[in-house]
Amino acid sequence: MKDLTGLFQSLGLDPATLAGGAHAVRSPIDGSEIARLAPDTPGDVGAKVARAQDAFAAWRRVPAPVRGELIRLFGEELRAHKDGLGELVTVETGKILEEGKGEVQEMIDICDFAVGLSRQLYGLTIASERPGHKMMESWHPLGPVGVITAFNFPVAPWAWNFALALVCGDPMVWKPSELTPLSALACRNIFDKAAARFGAAPDDLLQIVVGGKQAGEALVDDARVPLISATGSCAMGRAVGARVAARLGRSLLELGGNNGMIVAPSADLDLAERAILFAAVGTAGQRCTSLRRLIVHEEVYDALLPRLKSAYASVAVGDPLDPGTLIGPLIREAAYDKMRATLETVAGEGGAVFGGERVLAGELPGAYYVTPAIVEMPGQTETVREETFAPILYAMKYRDLDDAIRIHNGVPQGLASCIFTTDLREAETFTSGVGSDCGIVNVNIGPSGAEIGGAFGGEKDTGGGRESGSDAWKSYMRRATNTINYSNELPLAQGIRFGDDS
């Protein structure tokens, strides 16, 4: 690993504070240790929540458009630090540099969205059945928001939450993945620059929690945090959801995806091939929206699969900081072990495995680079129905659209989906209520690469939460229904007469 001192300093990370702690941070690029941080104790987490409460008391009084100005300044600072933060994302996650910078661009985009949103936190005026009365629906700041993020996208999903929460009036306590805390600390430093320019922001609008499961549980269990937004595996989401529900708090869950693509007989195979390659092998198959299941009509299967294998064989695997690389490493050894075990299992279930070998082990024994795998399956087995966070693409045949939709929907997860077709009836059926059961349903575009303007999230075991665009902002506010009597009478609803009322 190259010397990171200059990169750290450009993002406000003092190398002297990144040493001596008990929490080791390693880069998947070569497995080297790049920092040692002091982890937060449950007591530390509680103290940070208390400070977030104090910040909330002041921040909720600031008009929403003024709060939006702070996010506008944050977006400016992100633009100035895009290259550096994008590189740090690559160093911590192993995704290629182009994707690291793209993740920072998502942060910039959601800041732009949130600035406009700060003037559009609309309520409703509702017709009242009573003369001289008006009903309204209004939205108010909710309180401190707790956010838990995953390693694979260490900054963008946090920003989806943070930009919206802040314009809605809510401070944030953020526990990043224990594998990628440096990106979070850099984001805090960049935000601090924006807050200094803003000049009137209370302290502690953003606080970072460093640590693993114990720190996360302390945040999740704190009743002073009305909303927990968590991104991660389905197993993690079940644990978080149950703990938050036990204290009657709110949870916003964005969990695993076992995303499918249907390739119809009329599909543009050139377009489909490009989409499959990006969606299935990008980020080394470690996106929640990675393409994992390819459901191909029997008429075009034999034309498409050889093309895909040729494309897979030509993909450059290696150092994600090298501009020529398309696939970087898996995040750690455990991910590689899971990939190898899964490939062995599906081979025993009748799957024909192409690719999936470890490479560069001699040069980089502490890193886990693999070639992406295609597995031709005789059908959708229980192993295929499980999400494996690695570049494994299962290919299966189908005969008619109903069969394809049945296969597609026959998994516990429901995040992202797509169909490649030039048949309008097939496209409309897939996007209708009898088509895909996912939260993201695309036509002639892969399941990855969502824009921030739409709500992001999924159904079933994916958790049901929605982040980013559309009306996702409502998760960060509390709703009040108001009835205002501007008459001299006191009529009761439903025409009820009580006592001497007439």
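Does D302 meet the test of being without any contact (Cβ under 8 Å) to a residue 12 or more places away in the chain and more than 30 Å from K48 (Cβ to Cβ)?
Details: without any contact (Cβ under 8 Å) to a residue 12 or more places away in the chain: yes; more than 30 Å from K48 (Cβ to Cβ): yes.
It is true that D302 is without any contact (Cβ under 8 Å) to a residue 12 or more places away in the chain and more than 30 Å from K48 (Cβ to Cβ).
Against the condition surrounded by 21 or more Cβ atoms within 10 Å (Cβ to Cβ) and in a strand (DSSP E or B), how does V115 come out, does it pass?
Numbers: surrounded by 21 or more Cβ atoms within 10 Å (Cβ to Cβ): yes; in a strand (DSSP E or B): no.
No.
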Check: Name the pairs whose Cβ atoms lie under 9 Å apart, with the first residue in segment 103-129 and over 30 Å from E92 (Cα atoms), the second open to solvent by 10 Å² or more (accessible area, probe 1.4 Å) and among the acidic types (D, E), and 6 or more positions between them or separate chains?
Finding: S118/E69; G123/E137; L124/E137; T125/E137; I126/E137
Note to self: Can you report the number of residues in segment 360-372 which are buried (at least 20 other Cβ atoms within 10 Å of the Cβ) and touching a residue at least 60 places away in the same chain (Cβ under 8 Å)?
What the structure shows: 4
Check: Given (1) crowded, with 21+ Cβ neighbours inside 10 Å; (2) in contact with a Pro (Cβ under 9 Å, 6 or more places away or on another chain); (3) assigned to a loop (DSSP other than H, G, I, E, B), where does P447 come up short, assuming only one miss?
Finding: (2)
Next item on the list: Return yes or no: is F151 among the aromatic types (F, W, Y), in contact with a helix residue (DSSP H, G or I) (Cβ under 7 Å, 6 or more places away or on another chain), assigned to a loop (DSSP other than H, G, I, E, B) and on the phi < 0 side of the Ramachandran plot?
Entry: yes
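Criterion first (surrounded by fewer than 17 Cβ atoms within 10 Å (Cβ to Cβ) and over 30 Å from R425 (Cα atoms)) does R224 satisfy it?
Working: surrounded by fewer than 17 Cβ atoms within 10 Å (Cβ to Cβ): yes; over 30 Å from R425 (Cα atoms): yes.
Answer is yes for this residue.
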Margin query: Condition check: at pLDDT 95 or above and either more than 29 Å from I34 (Cβ to Cβ) or not acidic (D, E) (or both). Does E106 satisfy that?
Written below: no
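Hey, can you tell me all the residues within segment 450-464 that are buried (at least 24 other Cβ atoms within 10 Å of the Cβ) and at pLDDT 95 or above? Please lay out each step first, then the result.
Applying the first criterion (buried (at least 24 other Cβ atoms within 10 Å of the Cβ)) to segment 450-464 yields 452, 456-458, 462-463.
Once the filter is applied, which keeps residues that are buried (at least 24 other Cβ atoms within 10 Å of the Cβ) and at pLDDT 95 or above, segment 450-464 yields F456, G457, G458, T462, G463.
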Checklist line | Odd one out for A64, checked against (1) buried (at least 24 other Cβ atoms within 10 Å of the Cβ); (2) farther than 22 Å from F8 by Cα; (3) of a type in the set (A, V, I, L, M, F, W, C) | finding: (1)
Next item on the list: Kindly list the number of the only condition in (1) touching a residue at least 40 places away in the same chain (Cβ under 8 Å); (2) surrounded by fewer than 24 Cβ atoms within 10 Å (Cβ to Cβ) that fails for P144.
Entry: (2)
Checklist line | Residue that is nearest to G84 (Cα to Cα), among those in segment 300-336 that are acidic (D, E) and surrounded by 13 or more Cβ atoms within 10 Å (Cβ to Cβ) | finding: D319
Check: Here are E387, E426, E489: which of them is in a loop (DSSP other than H, G, I, E, B), surrounded by 12 or more Cβ atoms within 10 Å (Cβ to Cβ) and among the charged types (D, E, K, R)?
Finding: E387
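Given the structure, is L97 in contact (Cβ under 8 Å) with a residue 12 or more places away in the chain, buried (at least 18 other Cβ atoms within 10 Å of the Cβ) and in contact with an Asp or Glu (Cβ under 7 Å, 6 or more places away or on another chain)? Before you say what the answer is, go through the steps one by one.
Working: in contact (Cβ under 8 Å) with a residue 12 or more places away in the chain: yes; buried (at least 18 other Cβ atoms within 10 Å of the Cβ): yes; in contact with an Asp or Glu (Cβ under 7 Å, 6 or more places away or on another chain): yes.
So L97 passes the test.
Rundown of residues vs (1) part of a helix (DSSP H, G or I); (2) under 22 Å from A50 (Cβ atoms), yes/no style:
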position: V173; (1), (2): no, yes
position: E178; (1), (2): no, no
position: L185; (1), (2): yes, yes
position: F191; (1), (2): yes, yes
position: A195; (1), (2): yes, yes
position: A201; (1), (2): no, yes
position: D204; (1), (2): no, yes
position: G211; (1), (2): no, yes
Next item on the list: Inspect segment 38-54 for any residue being under 30 Å from A201 (Cα atoms), of a type in the set (S, T, N, Q) and open to solvent by 30 Å² or more (accessible area, probe 1.4 Å) and give the result as yes or no.
Entry: yes
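Could you look through segment 220-241, keep only residues that are β-branched (V, I, T) and in a helix (DSSP H, G or I), and pick out the one that is nearest to A163 (Cα to Cα)?
Filtering segment 220-241 for residues β-branched (V, I, T) gives 220, 225, 228, 231, 240.
Right, trim to in a helix (DSSP H, G or I) and you get 220, 240.
Values: V220: 21, V240: 23 Å.
Selected residue: V220.
Search segment 176-216 for residues being without any contact (Cβ under 8 Å) to a residue 60 or more places away in the chain and not hydroxyl-bearing (S, T, Y), and hand back the single one that is nearest to T90 (Cα to Cα).
The first filter runs over segment 176-216 and keeps only residues without any contact (Cβ under 8 Å) to a residue 60 or more places away in the chain, leaving 176-177, 184, 188, 196, 199, 206, 208, 213.
If we keep only those that are not hydroxyl-bearing (S, T, Y) as well, we get 176, 184, 188, 196, 199, 206, 208, 213.
Numbers: P176: 16, A184: 13, R188: 18, A196: 28, G199: 32, L206: 23, I208: 20, K213: 24 Å.
Only one residue fits best here, namely A184.
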Note to self: Cβ-Cβ under 9 Å, sequence separation 6+ or interchain: first residue in segment 262-278 and closer than 21 Å to D403 by Cα and in a helix (DSSP H, G or I), partner polar (S, T, N, Q) and open to solvent by 40 Å² or more (accessible area, probe 1.4 Å). Which pairs?
What the structure shows: A272/N444
Checklist line | Restricting segment 1-37 to residues that are among the basic types (K, R) and touching a strand residue (DSSP E or B) at 6+ places or on another chain (Cβ under 7 Å), the residue that is surrounded by the fewest Cβ atoms within 10 Å (Cβ to Cβ) | finding: R36
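Taking into account only those residues within segment 242-261 that are in a helix (DSSP H, G or I) and open to solvent by 20 Å² or more (accessible area, probe 1.4 Å), which is farthest from R399 (Cα to Cα)?
Taking segment 242-261 and keeping what is in a helix (DSSP H, G or I), we get 242-246.
Checking which are open to solvent by 20 Å² or more (accessible area, probe 1.4 Å) leaves us with 242-243, 245-246.
Details: A242: 41, R243: 44, A245: 43, A246: 46 Å.
By that ranking, first place goes to A246.
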Check: Looking at (1) part of a helix (DSSP H, G or I); (2) surrounded by 14 or more Cβ atoms within 10 Å (Cβ to Cβ), which is the only condition S128 fails?
Finding: (1)
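The values are calculated or read from the model by the stated rules, or taken from the named source; none is laboratory data. Keep in mind that what you see is a predicted model, and the values were worked out from it rather than measured. Neighbour counts run over all protein chains shown; Cβ positions are idealised from the backbone, glycine included. Just so you know, the surface numbers come from the protein's heavy atoms only, side chains and all, with ligands and any DNA or RNA stripped out. Shrake-Rupley method; radii C 1.70, N 1.55, O 1.52, S 1.80 Å.
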